[in-house]
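Chemist: Before I ask anything, let me first share the structure, which is written out below as structure tokens.
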């Protein structure tokens, strides 16, 4: 049989039983759409995370005090830790924050225990550049404003205080502070999102804040990050290097990208189950089709069609059905991916492996589902098949 003859004979059942064929193809389409959408959304999410890393860099290092080993040491970083870390040759920027023993409220009429989970931190003027942050409105602390009762709010802190623009005042400690800036959400230092930041000089003058830094942020030469990490403990706290905790905030983003693979595998498994159900539906339809078309099979055999011709007819019908379902599923999955990506503001990514794999899986399911009905139709003897005429 020529390819055109195979296509025409294989499409007879689909053209004469359109509703049944459409419902069967729908089962395949749902399974393929689920798999393509899962792969697409996962890749889009991973692409967004990696783009964030590319923009912010993986060379930001945070240094904190830890409990360490044994009972020695003070459990905090030395006062001169930022200065000493700045002398490490590959270190390009250094800044730090320190917790301030004060509470922040919208007005002095609000009870002191209702802080909304907002902390107060003393920050150096270089902090925003070091952590790769940006100001949504207003400006950040500088050498001058750090001397006076002014504050910059993290994005979450501003939302909880109900402040959208600079110029407002908040009750910080026991006096008013003027808000001079509101930050955009920070990806690599999310604890600052929930903080009200004031200058280090005013924190020491008004609240007797310790000179010891709580967290030191530094940017290192991207090619020397591992080497810098290895010398930080001994540099920051020479007496107790075991009481220094060194980490890279970008590792959390990379871990999120890796964790998404586990959920991708889970949802792919669910899509495979749906695809298997669609394959069972095709097999069921094809078996019923063989029973309903016994007279057609007998007539073709009587006119000279071989068993191979009959088997190819029904197998090609199953393959056509699965291809239609697969193409529809790939299209639906791509549309779902595009719609979800647009709502999240991500770049639309539909992986090629999802498209090719979806069509390939549909063909495999169709071949497996149609093989038994095709062989059963080929085994029918002409006399037995025509008995029902």
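The values are calculated or read from the model by the stated rules, or taken from the named source; none is laboratory data. Since the model is a prediction, treat every value here as computed from it, not as a measurement. Here the Cβ is made from the backbone with ideal geometry for all residues, glycine too, and neighbour counts use every protein chain on show.
Chemist: Residue 132 - would you say it is modelled with pLDDT under 90, crowded, with 16+ Cβ neighbours inside 10 Å and within 30 Å of the chain's Cα centre (by Cα)?
Modeler: On the way: modelled with pLDDT under 90: yes; crowded, with 16+ Cβ neighbours inside 10 Å: yes; within 30 Å of the chain's Cα centre (by Cα): yes.
Yes: the conditions hold for residue 132.
Chemist: Same structure again: In this structure, is residue 170 under 17 Å from residue 95 (Cα atoms) and in a strand (DSSP E or B)?
Modeler: Answer is no for this residue.
Chemist: Restricting to segment 99-109, name every residue that is out of contact with any helix residue (DSSP H, G or I) (no Cβ under 7 Å at 6 or more places or on another chain) and surrounded by 14 or more Cβ atoms within 10 Å (Cβ to Cβ).
Modeler: Filtering segment 99-109 for residues out of contact with any helix residue (DSSP H, G or I) (no Cβ under 7 Å at 6 or more places or on another chain) gives 99, 103-105, 107-109.
99, 103, 104, 105, listed by residue number.
Chemist: Still on this structure: State the number of residues belonging to segment 342-356 that are surrounded by 17 or more Cβ atoms within 10 Å (Cβ to Cβ) and not in a loop (DSSP other than H, G, I, E, B).
Modeler: Step one: of segment 342-356, the residues surrounded by 17 or more Cβ atoms within 10 Å (Cβ to Cβ) are 346, 349-350, 354-355.
Filter once more, so that each one left must be not in a loop (DSSP other than H, G, I, E, B): 354-355.
Looking only at that region, the number is 2.
Chemist: Restrict the check to segment 101-115 and report whether at least one residue is at pLDDT 90 or above and in a strand (DSSP E or B).
Modeler: From segment 101-115, those at pLDDT 90 or above are 101-107; that's our starting set.
Add one more test, that the residue is in a strand (DSSP E or B), and what stays is 104-105.
Looking for residues that are at pLDDT 90 or above and in a strand (DSSP E or B), one finds at least one in segment 101-115, hence yes.
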